[in-house]
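A.B. asks: Submitted below is the structure of interest, expressed as structure tokens.
The numbers here are math on the coordinates, done by the rules we state, and not lab data. The structure displayed is predicted, hence computed values, not measured ones. Glycine also receives a Cβ, built like all others from the backbone with ideal geometry; neighbour counts cover every protein chain displayed.
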Amino acid sequence: MRILVTGAKGQLGSAVVRCASSAGMEVLAYSRDELDITNSALVESMLFREQPDVVIHCAAYTHVDQAEVEVDTTYQVNAVGTRNLVFAAEAIQAKFVYISTDYVFDGQAKAPIDEWTMTAPIGVYGRSKLAGETYVRDLHSRFFIVRTSWVFGHQGKNFVKTMMRLGDEKEQLKVVADQIGSPTYAEDLAEAILSLIKSNCFGVYHISNSGACSWHEFAEAIFSYTKQPISVIPCTTEEFPSLAPRPAYSAFAHQSLKLNGFKEMRHWRDALLTYLKVEKRQK
Ligand SMILES: NC(=O)c1ccc[n+]([C@@H]2O[C@H](COP(=O)([O-])OP(=O)(O)OC[C@H]3O[C@@H](n4cnc5c(N)ncnc54)[C@H](OP(=O)(O)O)[C@@H]3O)[C@@H](O)[C@H]2O)c1
């Protein structure tokens, strides 16, 4: 199988490239320098030349707060960039995987959110990602929309790395306890995406590690595994004002995985342990 990956140097893109290469797939990995998805002529010529069987679209404008300021740029990448790719992918009959987000929901749910829950994004980033989803549904006939959340991978920045750095610098740290979500190990997500693309079970999927927690619980788990002696004080979102609003509750139910016979991913605590072991080995 010949797969083309956008955003190949990003947190998830690099995990997809690694997993697909070790599974023996032919991988065409494109970073932003090599394939700027906002350049429609380039996108079209690249896809027509490379003729991949599948496009896994991991590129995105992911700066959630800055998106509130750079609104046009955010839509240019997340909506129009996705349109460019999806249009070309349909023309060459390549399956299409669009990575979306828990930020398409408003955070008012009280129980894990399934794939049929109404979307209602509350910020620019979430709205632009939902606009990308709409292009995928409108312009492609064989797609997977994969919504994920709270991603931690080995490439780039993430919450786990930030906590580990602060754990070395501080004795005490306040972490938000009133936002609940589902952490997702990028390598586990990459494996799940590779299972999807071998099938024709097209549609929308919520894919995260199993279980849910608050950022505070997540931080406590990190420090208990790394044995960093820091005390983690729970605080509210209000105490940490940010430009973009965050959904208060975005834990995922994995109904599409279950109904289509795919394995649900392991618990986030097990995934976190593996992640930390790999990080330690790489140091
Ligand atoms: N991280 C999370 O917690 C999270 C949660 C839910 C959903 N997601 C979604 O998961 C996907 C992967 O996210 P990630 O965590 O891997 O993000 P990431 O590390 O920020 O990677 C995104 C990549 O896209 C690239 N990019 C930006 N603009 C581009 C353009 N115009 N053309 C081509 N490439 C461009 C970025 O390059 P530069 O670095 O050079 O800008 C970066 O390498 C995204 O669709 C994101 O919306 C992420």
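A.B. asks: Under the Karplus relation 6.51 cos²θ - 1.76 cosθ + 1.60, θ = phi - 60°, what is the ordered set of whole-Hz ³J(HN,Hα) values for region 209-218, x standing for Gly and Pro?
C.D. replies: Going residue by residue, I get 5, 6, x, 8, 6, 8, 4, 4, 5, 4 Hz, with x marking Gly and Pro.
A.B. asks: So if each residue of separation counts as 0.36 nm, and I subtract the Cα-Cα distance between residue 53 and residue 111, what length gain in nm does that give?
C.D. replies: 17.2 nm
A.B. asks: Let me ask you something else. Residue-wise, which Karplus ³J(HN,Hα) couplings in Hz belong to region 234-240, taking 6.51 cos²θ - 1.76 cosθ + 1.60, θ = phi - 60°, and x for glycine or proline?
C.D. replies: Each residue's phi maps through the Karplus curve to give x, 9, 9, 4, 4, 6, 10 Hz.
A.B. asks: Something else: With r defined as the distance between the Cβ atoms of residue 278 and residue 76 and R0 fixed at 41 Å, what FRET efficiency is calculated, to the nearest 0.05?
C.D. replies: 0.75
A.B. asks: May I pose another question? Give me a comma-separated list of calculated 3J(HN,Hα) values for region 73-87, in order, Karplus coefficients 6.51, -1.76, 1.60 applied at θ = phi - 60°, integers in Hz, x for any Gly or Pro.
C.D. replies: Using θ = phi - 60°, the values come out as 4, 4, 5, 4, 7, 6, 9, 5, x, 5, 4, 4, 5, 5, 5 Hz.
A.B. asks: To the nearest 500 deg cm²/dmol, what mean residue ellipticity at 222 nm is calculated for the chain from DSSP H runs of n ≥ 4 alone, each contributing -39,500 (n - 2.57), summed and divided by the residues?
C.D. replies: -11500 deg cm²/dmol
A.B. asks: If you don't mind, there's one more thing I want to ask. Summing +1 for each Lys or Arg and -1 for each Asp or Glu, what net charge is found among the other residues whose Cβ lies under 13 Å from the Cβ of residue 128?
C.D. replies: In short, -1.
A.B. asks: Residue separation times 0.36 nm, minus the C-alpha to C-alpha distance between residue 162 and residue 178: what's the value?
C.D. replies: Here the answer is 3.8 nm.
A.B. asks: I would also like to ask the following. For residue 101, what residues show an amide H to amide H distance below 5 Å, using hydrogens built from the backbone and excluding near sequence neighbours?
C.D. replies: 148
A.B. asks: Let me ask something additional. Restricting to lysine pairs 8 or more places apart or on different chains, what number in region 104-223 have Cα atoms under 27 Å apart?
C.D. replies: 9
A.B. asks: Whole percent per 5 Å bin, from 0 to the bin with the longest distance: what is P(r) over all C-alpha pairs of region 138-283?
C.D. replies: 2, 9, 17, 20, 18, 15, 10, 6, 3, 1, 0
A.B. asks: Further question: Based on the Cβ-Cβ distance of residue 22 and residue 228, what FRET efficiency does E = 1/(1 + (r/R0)^6) give at R0 = 30 Å, to the nearest 0.05?
C.D. replies: My answer for the efficiency is 0.45.
A.B. asks: Test of understanding: in a Gaussian network model of the chain with alpha carbons linked when under 10 Å, which of 66, 76, 179 would top the mean-square fluctuation ranking?
C.D. replies: 66
A.B. asks: Can you give me the distance in nm between label points at residue 36 and residue 240, each placed 7 Å from the Cα along the Cα-to-Cβ direction?
C.D. replies: Each label point lies 7 Å from its Cα, and together they span 3.4 nm.
A.B. asks: Given the chain, report the % of alpha carbon pairs whose separation exceeds 25 Å.
C.D. replies: Result: 45 percent of Cα pairs exceed 25 Å.
A.B. asks: Here's a follow-up. Return the long-range amide H neighbours of residue 174 (sequence gap of 5 or more, or a different chain), with a cut-off of under 5 Å between placed amide H atoms.
C.D. replies: 233
A.B. asks: May I ask for the Rg/Rh ratio of region 57-186, computed from Cα atoms with Rh as the Kirkwood radius, given to two decimals?
C.D. replies: Radius of gyration relative to Kirkwood radius: 1.01.
A.B. asks: A further question follows. Quick one: which residues, 5+ away or cross-chain, put their amide H under 5 Å from the amide H of residue 205? H built at 1.01 Å from N.
C.D. replies: 145, 146, 147
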